[in-house]
Amino acid sequence: MEMPTTASRGDEYLSQAQFLEEFDISPTTAYRWRQDGLPFIKKGKLLFYRRQDISRFLNGGLTSSTQAVS
């Protein structure tokens, strides 16, 4: 159940662990950011984030969009 690191459009995806490590945040902070509108993709129990969504969220220019992938 692994998400590809890149999609056909060049969008890079980070796993939850990669996201936490790269941005040096706690799982609680990631949860709060999701509640505040950071889009994520849920595949089973795993969470993934698009790098461009993270950048847009942190720069204040993103609306919420969440997908479930089976």
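The values are calculated or read from the model by the stated rules, or taken from the named source; none is laboratory data. These figures come from a predicted structure and were not determined experimentally. Because the Cβ atoms are built from the backbone with ideal geometry, glycine has one as well, and the counts that use them run over all protein chains shown. To get the accessible areas, we keep the full protein, side chains included, count just its heavy atoms, and leave off ligands, DNA and RNA. Shrake-Rupley method; radii C 1.70, N 1.55, O 1.52, S 1.80 Å.
Some points to look at:
- Ranked packing of 25-38, 43-56, most packed first, by mean Cβ within 10 Å: 43-56, 25-38
- Largest to smallest in accessible area, the residues GLU21, GLU12 fall in the order GLU21, GLU12 (1.4 Å probe, all protein chains included).
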